[in-house]
Amino acid sequence: MEILKRLQLPAHLKPRPTDEANLRFGDIYSDHMFLMDYFAGQWRNPRIEPFGPLTLSPAAMVLHYSQTIFEGLKCYRRPDGRLALFRPRDNFARLNRSAERMSIPLLDEAFLLQALKELLKIDGQWTPSHPGSALYIRPFVFATEPHLGVRPSKEYLCLIITGPVGPYYKEGFAPIKIYVESYYSRSAPGGLGEVKAGASYASSLLATEKAAQKGYTQLLWLDSVQHRYIEEVGSMNMFFVIDGKIVTSPLTSGTILPGLTRASVLTVAAHLGLPAEERPLEIEELIAAQKSGRLSEAFGSGTAAVISPVGLLHYQEKDYVVADGQVGRITQTLYDELVSIQYGFKTDPYGWVELLD
Ligand SMILES: Cc1ncc(COP(=O)(O)O)c(C=O)c1O
């Protein structure tokens with residue numbers, strides 16, 4: 001399919017942020033967006049247009065039944081000025097797994113990557129160069145058919161929007177405080193936890209807001225059946241260093257998002273000879289390990305923050321300090337290794353980086 005392009009008039013191009021050191025996350029959008037429609041049983045009309053508002057029927061099914069999925073990836077500017085995507089094919093593969101779970105028609109992954117590359121030929125110059133910044137890329141799909149009644153929509157819109165971002169947390173690469181949630185649930189077995197469905201994030205807001213009011217940056221979700229096993233954080237997978245070994249929850253329950261950064265951390269750890277294991281981890285075991293000094297580090301992993309050190313866990317009315325509230329050695333090593341590959345300070349031995357022309 002040919003991608004039609006209607007470019008913004010030069011006089012209407014937006015000024016790019018000049019203060020790259022103080023970019024926040026998710027507030028600024030580039031000049032153009034990619035769109036594609038689905039109707040009459042087919043994806044069609046791929047096009048790149050100026051970024052702007054969409055027209056939607058008030059009866060669009062997404063507004064009522066939340067049939068919407070998304071992805072998040074980044075484009076990095078390297079020291080030589082070239083742009084690089086990190087594992088984009090894995091993001092589009094996960095978008096299709098989300099589509100399947102949410103009864104959304106599958107998309108052509110190779111075509112979406114081509115569309116993204118064409119979009120970046122136009123807007124790639126929005127990629128900032130300040131350390132820790134990147135161009136965030138948000139592909140998403142939602143149900144547009146005007147219809148009231150619960151069934152899959154017959155019409156959809158797929159979009160890719162981009163925008164320059166700084167650190168995800170205001171703390172930057174500094175330890176965050178996490179609230180272990182023992183009442184609300186994020187995801188049940190057989191539910192939506194292992195895909196990126198908007199509905200999961202909506203259902204997490206209330207608990208996250210309550211924790212934020214108490215001063216915690218993120219929630220650590222426990223399993224929804226017993227509130228006993230550690231699952232993940234709002235937008236990150238979790239890792240703990242216990243007895244010198246990196247531990248993360250397995251993905252077998254289907255309730256945890258298979259993070260690409262998580263997979264990258266496990267690969268890099270193996271490459272560096274750092275012992276790591278995927279195993280169920282009970283919150284009580286974690287707290288006992290903290291009390292006996294066997295828990296030396298904790299960190300989250302995700303595209304937005306890459307690696308985020310955790311300096312404090314709050315569980316059942318008590319605060320537990322981790323790594324003296326500092327960045328642990330293993331956390332720092334993994335962060336440095338991943339960031340060096342993403343920004344091209346080191347060669348990528350894993351085939352994750354996709355350089356743009
Ligand atoms: C719930 C959840 N867990 C984990 C992650 C981390 O996934 P990734 O490393 O692919 O960004 C994300 C972010 O996409 C997320 O939303």
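The values are calculated or read from the model by the stated rules, or taken from the named source; none is laboratory data. As the structure is a computational prediction, the values presented were derived from the model and not from experiment. Neighbour counts are summed over all protein chains in view; Cβ atoms, including those assigned to glycine, are modelled from backbone coordinates with ideal geometry. Areas reflect the complete protein model, heavy atoms only, side chains present, ligands, DNA and RNA absent. Shrake-Rupley method; radii C 1.70, N 1.55, O 1.52, S 1.80 Å.
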Exercise for review: Go through the range 245-254 residue by residue and tally those that are open to solvent by 40 Å² or more (accessible area, probe 1.4 Å), more than 17 Å from the chain's Cα centre (by Cα) and without any contact (Cβ under 8 Å) to a residue 60 or more places away in the chain.
Suggested key: 2
Practice item. Output the residues belonging to the range 319-333 that are touching a strand residue (DSSP E or B) at 6+ places or on another chain (Cβ under 6 Å) and surrounded by 13 or more Cβ atoms within 10 Å (Cβ to Cβ). Key: Tyr320, Val321, Val322, Ala323, Gly325, Val327, Gly328, Ile330, Thr331
Practice item. Test each condition in (1) under 30 Å from Arg78 (Cα atoms); (2) away from the ligand (no atom under 16 Å from the Cβ) for His314 and report the one that comes out false. Key: (1)
Exercise for review: Go over the candidates Ala207, Ala202 one by one and state the one that is open to solvent by less than 40 Å² (accessible area, probe 1.4 Å), within 16 Å of the ligand (Cβ to nearest atom) and not aromatic (Phe, Trp, Tyr).
Suggested key: Ala207
Point to revise | Unique residue being open to solvent by less than 80 Å² (accessible area, probe 1.4 Å) and basic (Lys, Arg) when the list is Arg6, Arg24, Arg87 | key: Arg87
Practice item. Kindly indicate which of Glu284, Glu278 is open to solvent by 60 Å² or more (accessible area, probe 1.4 Å) and within 16 Å of the ligand (Cβ to nearest atom). Key: Glu278
Exercise for review: For Leu106, indicate whether it is away from the ligand (no atom under 14 Å from the Cβ) and open to solvent by 30 Å² or more (accessible area, probe 1.4 Å).
Suggested key: yes
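Rundown of residues vs (1) touching a Phe, Trp or Tyr at 6+ places or on another chain (Cβ under 9 Å); (2) outside the structural domain of Lys117 (by TED's automatic domain parsing); (3) farther than 18 Å from Ile160 by Cα; (4) small (Gly, Ala, Ser), yes/no style:
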{"position": "Gln8", "(1), (2), (3), (4)": "yes, no, no, no"}
{"position": "Arg16", "(1), (2), (3), (4)": "yes, no, yes, no"}
{"position": "Asn22", "(1), (2), (3), (4)": "no, no, yes, no"}
{"position": "Asp27", "(1), (2), (3), (4)": "no, no, no, no"}
{"position": "Ala40", "(1), (2), (3), (4)": "no, no, yes, yes"}
{"position": "Ser57", "(1), (2), (3), (4)": "no, no, yes, yes"}
{"position": "Tyr76", "(1), (2), (3), (4)": "yes, no, no, no"}
{"position": "Asp90", "(1), (2), (3), (4)": "yes, no, no, no"}
Review point. Can we say Leu257 is modelled with pLDDT of 95 or more, out of contact with any His (no Cβ under 9 Å at 6 or more places or on another chain) and open to solvent by 40 Å² or more (accessible area, probe 1.4 Å)?
Key: no
Review point. Does Glu209 satisfy the condition of being of a type in the set (Asp, Glu) and either outside the structural domain of Tyr183 (by TED's automatic domain parsing) or within 16 Å of the chain's Cα centre (by Cα) (or both)?
Key: no
**Study point:** Test: Ser264 is in the same structural domain as Pro309 (by TED's automatic domain parsing), away from the ligand (no atom under 11 Å from the Cβ) and of a type in the set (S, T, N, Q)
**Key:** no
Practice item. Given the conditions (1) surrounded by fewer than 20 Cβ atoms within 10 Å (Cβ to Cβ); (2) within 20 Å of Pro139 (Cα to Cα), report the number of the one that Gln67 does not fulfil. Key: (1)
